[in-house]
1. Report the residue count in the stretch 413-428 for those that are buried (at least 21 other Cβ atoms within 10 Å of the Cβ), touching a Phe, Trp or Tyr at 6+ places or on another chain (Cβ under 9 Å) and closer than 19 Å to residue 509 by Cβ.
2. Answer yes if at least one residue in the stretch 209-216 is assigned by TED's automatic domain parsing to the domain that holds residue 309 and farther than 30 Å from residue 314 by Cα, and no otherwise.
3. Would you call residue 370 at pLDDT 95 or above and either part of a loop (DSSP other than H, G, I, E, B) or surrounded by fewer than 21 Cβ atoms within 10 Å (Cβ to Cβ) (or both)?
4. Can residue 348 be described as at positive phi, under 21 Å from the mean Cα position of the chain (by Cα), not in a helix (DSSP H, G or I) and not β-branched (Val, Ile, Thr)?
5. When the residues of the stretch 89-145 are filtered to those that are among the acidic types (Asp, Glu) and either touching a residue at least 40 places away in the same chain (Cβ under 8 Å) or assigned by TED's automatic domain parsing to the domain that holds residue 308 (or both), which remaining residue is farthest from residue 325 (Cα to Cα)?
6. Restricting attention to the stretch 425-451, report how many residues are in a helix (DSSP H, G or I) and farther than 17 Å from residue 520 by Cβ.
7. Hey, among the residues in the stretch 134-186 that are among the charged types (D, E, K, R), in a loop (DSSP other than H, G, I, E, B) and under 24 Å from the mean Cα position of the chain (by Cα), which one's modelled with the highest pLDDT?
8. Any idea which of 442, 475 is within 15 Å of residue 553 (Cα to Cα), surrounded by fewer than 18 Cβ atoms within 10 Å (Cβ to Cβ) and at pLDDT 95 or above?
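The values are calculated or read from the model by the stated rules, or taken from the named source; none is laboratory data. Source: prediction; values computed, not measured. Virtual Cβ from ideal backbone geometry, glycine too; neighbours counted across all protein chains shown.
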Amino acid sequence: MAAGRALLSSQNGLAAVAPLSSIGYRARGLASSLPLLRRRCPSAFVSSSARCCSRPHSEGAGERVMKPEKEEAFVLTTPLYYVNAPPHMGSAYTTIAADAIARFQRLLGKKVIFITGTDEHGEKIAAAAEASGRSPREHCDTISQSYRILWREVKFITIVVLIKEQVLYDASLSYGSNYLDIAYDKFIRTTDSKHEAIVKEFYSRVLNNGDIYRADYEGLYCVNCEEYKDEKELLENNCCPMHLKPCVRRKEDNYFFALSKYQKTLEDYLTSNPDFVKPLFRLNEVQGWIKSGLRDFSISRSSVEWGIPVPNDDKQTIYVWFDALLGYVSALLEEGEQTNLEQAVCSGWPASLHLIGKDILRFHAVYWPAMLLSAGLSVPNMVFGHGFLTKDGMKMGKSLGNTLEPKDLVQRFGADAVRYFFLREVEFGNDGDYSEDRFINIVNAHLANTIGNLLNRTLGLLKKNCQSMLAFDSIVSAEGNSFKDSVDQLVEKAKYHYENLSLSSACESVLDIANAGNLYMDERAPWSLFKQGGASSEMAAKASFETGYFHLCIQLDLVMILEVMRIIATALSPITPSLCSRIYSQLGFSKEQFEAATWDDTKWGGLKAGQIMAEPKPVFARIENIDDGNEVVQNKNKDKKKASRRQGLVEA
């Protein structure tokens, strides 16, 4: 740091904050020990059992009473995506994973608040807006909407982004379509007025706690990272290792956050709470950063106009990360509520899980907890840093210009295929690579063949020989059959993996249920029994069996397989919700019944005697490459039909 501090108060000492090693395991218990928070709300405000709001007691000035929430929410966040360019597969991957986790938590019966949104301030945004010939606000409106289109159903919308007279993004939809089936609950934009109010109040809290000071700083700045870099971490020619572009030397008079004050506090907390950062090797990274020594960082910019003004200095704007991280809090505010930190915190803070890419781990696992402690707020329960998706062996990113367009993938293959491939094939937490050949092979083998074909051929046999009606409850069909026990064990494995964020392993466990069903089907060979039953009444009589014995055995087997399909449709629904909805429909259930399903519906016994199955038809069509991958074809009942890149492949 080139120059000294100015007017640091005597409260700056580390003793102002209690060591986290003395605090209980739950992250929300931490803030109850901080003097700043105790001035605002009772310790029960951050208890592990309930969140509460505080208000003045009617009988005594200064007294407060608690107003507990009826139900504690599972609050899950994606990063707020930077709107310097439209969404790419990296941001889609994080959001798909978050959506799968949110859907699983809903299956468990929890109230879920799934937060996503867009980060819209900073130097890169202003530059991108200028390049497109728009004002920063117009640019942000356009790109933010492109995220909403990709995540969720939007009807009759056309958005075209032009940069230097070239079409950068064209999202033209003339139909209602859940592009990636993202069922988020909150979408926050950092240009929202409620967000700006929260940021300013938070800044003032930190300032009043003596953790903000003014100083000169000179260093190497990466515009794409929006961050000053240590020279020792840069590549040749001072290139950023993330974006492979040279950093520029800058000197600014800024406001700084006293991060170094929280060195010991964070060290102790990570030691006492090893689940705060996942996977474990990410925790090791964070501990390494902290042990190497924390340095105060700049939280304002004098050279950036597009941002939230610093409350006590309108010539500077608040640093984009100090601004954007607070979107996780401001998003909790409901329309019409008072716009203040206390109300936002009462609506669901702290977050249960921040889901992020590993490139922004330092901001979430080091800067963010220290900021929250300074403001007297609880830290999130967990930060999970997943790996990168690669293409041609390189990280995909907007700044690198080598993105894989999720919009194109969904239009060609459908949301279920995209969601399944990336969650099944990439071990969550590690890097993963995309190959179109592998994509098609995996999706065909698992969704079209193992799952789809099992359902289709079973329903076909039921229709041909039993008029599509179940003769037995699935509970009755499983009596004395060890196959049910095997399925139950696999369901428990899937649940365990979901709970531990092992999404790939969860997919594998559900696929194992389908594999077991196929093996059972092949071993029992009900099609051959139908043929025997049709021509062997004499044999049956000689063996002293009742008339219809073969049909009875066959119907029991078919009910077993269809019960397996019902369980799969529930257990895999966090990953492929549309496909599983179609399976439920084929089994004679309504859309409302599917949407009301919980994890308890993975228990054996959901199918009842007399239930009528729907007309059998493929729930997922095979995908095939032709013409060097320039086209895909949909194989439907052996009648191959060409489909352009803009056609989906999943049958409704």
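1. Result for the stretch 413-428: 6.
2. There is no residue in the stretch 209-216 that is assigned by TED's automatic domain parsing to the domain that holds residue 309 and farther than 30 Å from residue 314 by Cα.
3. No: the conditions fail for residue 370.
4. On the way: at positive phi: yes; under 21 Å from the mean Cα position of the chain (by Cα): yes; not in a helix (DSSP H, G or I): yes; not β-branched (Val, Ile, Thr): yes.
Taking the combined requirement at face value, the residue satisfies it.
5. Filtering the stretch 89-145 for residues that are among the acidic types (Asp, Glu) and either touching a residue at least 40 places away in the same chain (Cβ under 8 Å) or assigned by TED's automatic domain parsing to the domain that holds residue 308 (or both), the one farthest from residue 325 (Cα to Cα) comes out as 99.
6. Residues meeting the conditions: 14.
7. Start the filter on the stretch 134-186 by keeping residues that are among the charged types (D, E, K, R), which leaves 134, 137-138, 141, 148, 152-153, 155, 164-165, 170, 181, 185-186.
Pick out the ones that are also in a loop (DSSP other than H, G, I, E, B) and you get 134, 152-153, 155, 164-165, 181, 185.
Now narrow it down to the ones that are under 24 Å from the mean Cα position of the chain (by Cα): 152-153, 155, 181, 185.
On the way: 152: 79, 153: 52, 155: 40, 181: 94, 185: 97.
For the stretch 134-186, the residue satisfying everything is 185.
8. 475
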